[in-house]
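Chemist: Let me give you the structure first, and then I'll get to my questions.
The values are calculated or read from the model by the stated rules, or taken from the named source; none is laboratory data. These figures come from a predicted structure and were not determined experimentally. No Cβ is skipped: glycine too gets one built from the backbone with ideal geometry, and neighbour counts run over all protein chains shown.
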Amino acid sequence: MAAKFIFGLIVILLLAGCAQETNSSDNVQNISLTTDDSIKISSRFYPGNQTGIVLVHMLGRNKETWNAFADELANSGYSVISIDLRGHGESGGSDYSSFSEAQWNSAVNDIKAAKEFLKEKGATNFYIIGGSIGSNLAIKYAATDSDISKVVLLSPSFDYRGVKTEEAAENFKGELLVVSSSEDLQSFGASEQLAEISPNGEFVGLSGAGHGTNMLGKQNVNITILDFFSE
């Protein structure tokens, strides 16, 4: 009887240990940020270590785009925040479909709010990943904030909706990884050139991988990003 009791206790303890090894989604916090220009930004925060990563989606998408890869990043130990850009998802602001170029450019404030939140949570090192217009916004913001040490651009262009990247890529002093697929004609050539003009740029060219965050999970893109962050 005692042996059965001890065996049962061991099983319970093992199951409890497994329960503690749950994935990062169990710790996710849905939060609202307020930008410097008073826009409410719906966000999802994955607590982690002192390296914080801001995830910026493509036009017409939202923070849900990042869920699977955000879990990967968080399970690697990083603090992660994905945001709904203004005019998208559950965030405030007018609908993105009517944005002027000035309104698109003001969306860098959304990234700033996310970065400042990570800083409040104890992060001391900061990365950004953006897709499509989100990548243009990512490098535009990073060029103005010396705290940002690494940026990943998935299918950027020289100019999406008036958000320009060449000067920002030249001025960004951190490490830059640019990923694009050859059939993406608006992005591919620009991506290679942006990596070239950046002081610490690296270009990864793919074929048949799609555009922006659609490349995630294909042709080792996730691993390439994780390796870039771990260097």
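Chemist: Failed condition for S94, given (1) modelled with pLDDT under 95; (2) over 20 Å from the mean Cα position of the chain (by Cα), with all others met?
Modeler: (1)
Chemist: Out of all the residues in segment 1-58, which are more than 30 Å from S106 (Cα to Cα) and at pLDDT 55 or above?
Modeler: S24, S25, D26, N27, listed by residue number.
Chemist: Something else: Is there any pair with a first residue in segment 138-165 that is under 16 Å from S180 (Cα atoms) and a second that is among the hydroxyl-bearing types (S, T, Y) and part of a strand (DSSP E or B) whose Cβ atoms are under 6 Å apart and which are 6 or more apart or on different chains, and what are they?
Modeler: S155/S180
Chemist: Does L153 fit the bill of being within 21 Å of N67 (Cα to Cα), of a type in the set (A, V, I, L, M) and touching a Phe, Trp or Tyr at 6+ places or on another chain (Cβ under 6 Å)?
Modeler: no
Quick grid of which residues meet (1) closer than 17 Å to G52 by Cβ; (2) of a type in the set (A, V, I, L, M); (3) more than 15 Å from the chain's Cα centre (by Cα):
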site	(1), (2), (3)
K112	yes, no, no
K115	yes, no, no
A138	yes, yes, no
Y141	yes, no, no
F158	no, no, yes
E170	no, no, yes
S181	no, no, yes
A209	no, yes, yes
